[in-house]
């Protein structure tokens, strides 16, 4: 009876909200109204008070981040934490406006893409002749303890792909030069590691000693995209092959991947798994050079069969549903859409279920997505970097994939 009532409410919500275009427009308008600025789940160390209080204790810094992230009420103004236009917001929005322009050819979207490109380049970290990007706040995890101006692989790859999206619509030759400088930073400043003759990986942060699998999958796909765009092997095929060998050697027998191979990183979650799946799917779609078929098939089967509930809710962990979390849902939408776009896999039914459930649990009709839904409560804070821009990108790919209105299933 309860499930039947939920289905009716869900159906009504979908009809009231409309189609992909209206959701994208509302979310985009919300972000622009906020001038691209927001708080962030992991920004507590921007508080000078918290930063000084925990400076000598890594465990205390990690604890402060997790407490602030999980609070249902916003204490940031009390702690003196400012809203920020985070670097990833800029790179995501550069991709958003570039994709919109490629779809509708509206001058407004081209001009906004140009503005994002300029803004993003102003944020670059210059390392001799190389350039990279990092987070906009001090950050401490079980793997790292970093401050400002520390480049990292994730932000740099995200920025590189947004530059490639912009190049697709602008053909600005200066972008090619910047892409070469980015690749240089990954090799020289973050560093490529060759633990065995046939295996390689790129460090997430400088001096890191353990490979993070999902960002190395992203690196491999980005390298191939760079070579395809520039029409020469800026990154040697042998290095790409060695990074893919890393992924193959660390794939579990059931087709899944842990976050890292270390004991502290042995979990399987939805959005990091999604990064790997969409990266391999892209590689397969543009090149037959690399032996990834078996790895990709096993990975896709595990992903679809273990990281979604029967109702189509993206599971945060393979063995745990909650939280129903905004970035995890966005990545699920994007991964399913790209599986269809890149490999012609029929994911439409599951994709529609995922979008419907995401809207039902997380969408506010004012034009933004809540942070997450736990079993008994909803954290209704909004974070542009974490929730809004990933969701717009995901829905743009879903629109491209389906080119239809939502269906309630």
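Of 180, 193, which residue is surrounded by fewer than 20 Cβ atoms within 10 Å (Cβ to Cβ) and assigned to a helix (DSSP H, G or I)? It would help to see each step written out before you state the result.
On the way: 193 fails: assigned to a helix (DSSP H, G or I).
Of 180, 193, the one residue that is surrounded by fewer than 20 Cβ atoms within 10 Å (Cβ to Cβ) and assigned to a helix (DSSP H, G or I) is 180.
Hey, residue 48 hits all of (1) under 12 Å from residue 139 (Cα atoms); (2) surrounded by fewer than 14 Cβ atoms within 10 Å (Cβ to Cβ) but one; which does it fall short on?
In the conditions (1) under 12 Å from residue 139 (Cα atoms); (2) surrounded by fewer than 14 Cβ atoms within 10 Å (Cβ to Cβ), residue 48 misses (1) alone.
Just one of 298, 320 is free of Cβ contacts under 8 Å to residues at least 12 places away in the same chain, surrounded by fewer than 23 Cβ atoms within 10 Å (Cβ to Cβ), under 30 Å from residue 246 (Cα atoms) and over 20 Å from the mean Cα position of the chain (by Cα); which is it?
Within the list 298, 320, the selection yields 320.
Rundown of residues vs (1) in a helix (DSSP H, G or I); (2) assigned by TED's automatic domain parsing to the domain that holds residue 322; (3) under 18 Å from the mean Cα position of the chain (by Cα); (4) closer than 25 Å to residue 314 by Cα, yes/no style:
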{"position": "188", "(1), (2), (3), (4)": "yes, no, no, no"}
{"position": "205", "(1), (2), (3), (4)": "no, no, yes, no"}
{"position": "222", "(1), (2), (3), (4)": "yes, no, yes, no"}
{"position": "225", "(1), (2), (3), (4)": "yes, no, yes, no"}
{"position": "229", "(1), (2), (3), (4)": "yes, no, no, no"}
{"position": "252", "(1), (2), (3), (4)": "no, no, no, yes"}
{"position": "273", "(1), (2), (3), (4)": "yes, no, yes, yes"}
{"position": "277", "(1), (2), (3), (4)": "yes, no, yes, yes"}
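Checking residue 217 against (1) assigned to a helix (DSSP H, G or I); (2) under 25 Å from residue 267 (Cβ atoms); (3) modelled with pLDDT under 95, only one condition comes out false. Which one?
So residue 217 meets the others, but not (3).
Of everything in the stretch 186-209, what is under 14 Å from residue 152 (Cβ atoms) and touching a residue at least 60 places away in the same chain (Cβ under 8 Å)? Give them in sequence order.
Selection gives 189, 204, 205, 208.
Scan the stretch 108-135 for residues that are more than 21 Å from residue 191 (Cα to Cα) and either without any contact (Cβ under 8 Å) to a residue 24 or more places away in the chain or surrounded by 20 or more Cβ atoms within 10 Å (Cβ to Cβ) (or both) and jot them down.
Result: 108, 109, 111, 112, 113, 115, 116, 117, 118, 120, 122.
Need at least 1 residues that are over 30 Å from residue 22 (Cβ atoms), touching a helix residue (DSSP H, G or I) at 6+ places or on another chain (Cβ under 6 Å) and not assigned by TED's automatic domain parsing to the domain that holds residue 24 per element, so show me which helices (runs of 4 or more DSSP H) inside the stretch 281-365 make the cut, counting only ones lying wholly within it.
Details: elements: 293-306, 326-343, 348-362.
Output list reads 293-306.
Applying the selection to the stretch 26-42, what residues are closer than 13 Å to residue 97 by Cβ and part of a helix (DSSP H, G or I)? Write out each step before concluding.
The first filter runs over the stretch 26-42 and keeps only residues closer than 13 Å to residue 97 by Cβ, leaving 28, 31-32, 36.
28, 31, 32, listed by residue number.
Given 98, 170, which one is more than 29 Å from residue 66 (Cβ to Cβ) and crowded, with 20+ Cβ neighbours inside 10 Å?
Of the residues listed, the single one that is more than 29 Å from residue 66 (Cβ to Cβ) and crowded, with 20+ Cβ neighbours inside 10 Å is 98.
The values are calculated or read from the model by the stated rules, or taken from the named source; none is laboratory data. Given the structure is predicted, the values throughout are model-derived calculations rather than measurements. Positions of Cβ are backbone-derived with ideal geometry, glycine not excepted, and every protein chain shown enters the neighbour counts.
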